[in-house]
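Okay, structure first, notes after.
Readers should treat all values here as calculations from the given coordinates under stated rules, not as data from a laboratory. A quick note: this is a predicted structure, and the numbers were derived from the prediction, not measured. As a convention, Cβ positions derive from the backbone with ideal geometry for all residues, glycine included, and neighbour counts pool all protein chains shown.
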Amino acid sequence: MARSAIINVMVQAAMKAGRSLARDFGEVQNLQVSLKGPGDYVSQADHKAEKTIFEELSRARPGYSFLMEEGGVIEGTDNQHRWLVDPLDGTTNFLHGIPIFSISIALERQGQLVAAVIHNPAMDELYVAERGSGAFLNDRRLRVSGRRKMEDSVIGTGVPHLGRGNHHDYLRDLPAIMANSAGIRRLGSAALDLAYVAAGRFDGFWEAGLSPWDVAAGMLIVREAGGFVTDADGGYEIFDKQTIVAGNEEIHRALLKLLGAKRTRV
Ligand code: IPD
Ligand code: CA
Ligand code: CA
């Protein structure tokens with residue numbers, strides 16, 4: 001697969017930050033047993049990765065704007081282009097020594113997602129997509145799963161937890177998916193959840209309460225792998241409504257129906 005200049009820039013930033021996270025992840029495993037625990041260390045690893053990505057992307061494309069999880073909004077001189085960056089998606093996993101975490105970088109041009117990279121350094125996986133050019137995992141072309149029936153499907157999700165998310169709404173949605181699928185998985189990295197949909201590992205995914213940096217890269221990767229991504233009402237206001245439903249055409253439709261049926265009943 002021949003990579004474009006912009007994808008090369010993004011891959012370089014993600015790989016550099018990935019090497020730094022991988023080193024810090026090794027140290028976290030040692031810190032687990034210490035009295036203080038690895039909390040502060042992880043937040044430093046997160047900030048260091050974001051700084052690396054910011055520096056790499058700014059050097060390659062001076063003036064582009066940023067929306068980053070840690071640094072927030074940085075307005076550039078070029079307001080046609082915006083990077084959306086989550087330097088460490090899956091912080092809880094990272095903190096607990098679970099090797100499921102990722103770096104997520106997306107590029108918007110005039111408000112449209114045009115390029116995306118998700119990298120899991122612990123598993124040596126690199127997902128890339130460019131608008132109109134398909135999606136790839138380590139240079140192998142991706143296609144969403146071909147399963148058509150909910151009863152055969154494995155569905156990814158994010159479960160709200162202490163101090164986060166709407167527990168009531170989640171408990172309203174869960175029974176419908178539970179009762180109709182072959183299994184539910186909670187990876188702990190929304191970016192990887194979407195990458196797994198693109199790779200056909202998950203047949204679908206739903207979650208609420210996510211931010212643009214969690215989902216932007218994954219949205220493009222799923223779409224470029226032939227999948228569908230909308231908000232829970234079937235529209236395209238994913239960032240505003242903070243709900244997301246993804247899957248192949250059939251499972252995406254089935255998920256919307258199951259979630260919608262629950263919503264209108266409340
Ligand atoms: C989190 C992960 C997780 C999702 C959370 C996100 P973070 O991102 O994507 O899967 O369920 O809601 O906040 O905090 O690890 O970057
Ligand atoms: Ca995140
Ligand atoms: Ca994060």
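Go ahead and collect, in residue order, the members of segment 212-251 whose backbone nitrogen is under 13 Å from a label point 7 Å along the Cα-Cβ direction of Arg172.
233
Any idea how far apart Leu162 and Ser43 come out in nm if each label point goes 7 Å out from Cα toward Cβ?
In this crude spin-label approximation the distance works out to 1.6 nm.
Relative contact order (percent) for segment 150-265, with alpha-carbon contacts under 8 angstrom and 6 or more residues of separation?
Rounded, it is 28 percent for segment 150-265.
Which percent, nearest 5, of DSSP beta bridges in the chain are antiparallel?
Taking every DSSP beta bridge within the chain, about 75 percent pair in antiparallel fashion.
Amide H to amide H under 5 Å from Gly156: which residues, 5+ apart in sequence or cross-chain, H placed 1.01 Å off N in plane?
Arg185, Asp203, Gly204, Phe205, Trp206
Convex hull volume of the Cα atoms in the chain, per residue, in Å³?
So the per-residue hull volume is 121 Å³.
So what is the orientation-averaged projected area of segment 97-178, using the convex hull of its C-alpha atoms, in nm²?
Value for segment 97-178: 8.5 nm².
Once Rh for segment 1-141 is found with the Kirkwood sum over Cα pairs, what is the Stokes-Einstein diffusion coefficient at 25 °C and 0.890 mPa s, in µm²/s?
So the translational diffusion coefficient is about 159 µm²/s.
Which lysines does Lys48 reach when only Cα atoms under 23 Å apart count, and residues fewer than 8 places away in its own chain are ignored?
Answer for Lys48, where 23 Å is the Cα cut-off: Lys16, Lys36, listed by chain and number.
Could you sort the peptides 168-179, 200-211 by per-residue average Cβ neighbour count (10 Å cutoff), highest mean leading? Can you show the working numbers first?
Numbers: 168-179: 14.6, 200-211: 23.1.
So the order, starting with the most tightly packed, is 200-211, 168-179.
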